[in-house]
1. Which one is surrounded by the most Cβ atoms within 10 Å (Cβ to Cβ) among residues in the range 1-37 that are farther than 19 Å from Asp59 by Cα and of a type in the set (Lys, Arg)?
2. Name every residue in the range 38-68 that is among the hydroxyl-bearing types (Ser, Thr, Tyr) and loosely packed, with under 13 Cβ neighbours inside 10 Å, in order of residue number.
3. Within the range 1-12, which residues are touching a residue at least 12 places away in the same chain (Cβ under 8 Å), more than 15 Å from Ile65 (Cβ to Cβ) and not β-branched (Val, Ile, Thr)?
4. Got a number for residues in the range 22-55 being within 16 Å of Thr11 (Cβ to Cβ), among the charged types (D, E, K, R) and over 9 Å from the mean Cα position of the chain (by Cα)?
5. What number of residues within the range 49-62 satisfy the criterion of being among the small types (Gly, Ala, Ser) and more than 16 Å from Ala27 (Cα to Cα)?
6. Are any residues in the range 26-49 touching a residue at least 24 places away in the same chain (Cβ under 8 Å) and assigned to a loop (DSSP other than H, G, I, E, B), and if so, which ones?
7. Does the range 50-60 contain any residue that is touching a Pro at 6+ places or on another chain (Cβ under 9 Å), free of Cβ contacts under 8 Å to residues at least 60 places away in the same chain, assigned to a strand (DSSP E or B) and not hydrophobic (A, V, I, L, M, F, W, C)?
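Every read-out reported here was derived from the displayed coordinates using simple, explicitly stated rules and does not represent laboratory data. As the structure is a computational prediction, the values presented were derived from the model and not from experiment. Reconstructed Cβ throughout: ideal geometry from the backbone, glycine too, with neighbour counts over all protein chains shown.
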Amino acid sequence: MVIQFNEQDVTVNLFGADQRLIPPLLAALRANKFTLHNLQTGVSMIDLFIAEAILYAGDGNKARIPIFS
């Protein structure tokens, strides 16, 4: 699945999660500005689980954020 975030298309892989977690994911992405700032090249892919998301940057860095639904 592909979502639009910060005017970029980002691929989201669902692992044990479904599309109902996309709105909480977007809220978590907006709330974790510090984490996103550390991924300087921007988010290129997201692995979405039930309680967390792993964000992958274009340069190979990754970060985890909690998802509260």
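1. Within the range 1-37, the match that is surrounded by the most Cβ atoms within 10 Å (Cβ to Cβ) is Arg30.
2. Taking the range 38-68 as the starting set, the residues that turn out to be among the hydroxyl-bearing types (Ser, Thr, Tyr) are 41, 44, 56.
Residue satisfying the conditions is Thr41 alone.
3. Residues of the range 1-12 touching a residue at least 12 places away in the same chain (Cβ under 8 Å): 1, 3, 5-6, 8, 10-12.
Still in the running and more than 15 Å from Ile65 (Cβ to Cβ): 1, 8, 11.
Within the range 1-12, Met1, Gln8 meet the criteria.
4. Filtering the range 22-55 down to residues within 16 Å of Thr11 (Cβ to Cβ) leaves 22, 25-26, 29, 39, 41-49, 53-55.
Adding the requirement that they be among the charged types (D, E, K, R) leaves 47.
Right, trim to over 9 Å from the mean Cα position of the chain (by Cα) and you get none.
The qualifying residues number 0.
5. Total meeting the criteria: 3.
6. Matches in the range 26-49: Asn32, Leu39, Gly42, Phe49.
7. Let us first name the residues in the range 50-60 that are touching a Pro at 6+ places or on another chain (Cβ under 9 Å), namely 51-53.
With the extra rule that they be free of Cβ contacts under 8 Å to residues at least 60 places away in the same chain, the set shrinks to 51-53.
From what's left, assigned to a strand (DSSP E or B): 52-53.
Those left that are additionally not hydrophobic (A, V, I, L, M, F, W, C): 52.
Yes, the conditions are met somewhere in the range 50-60.
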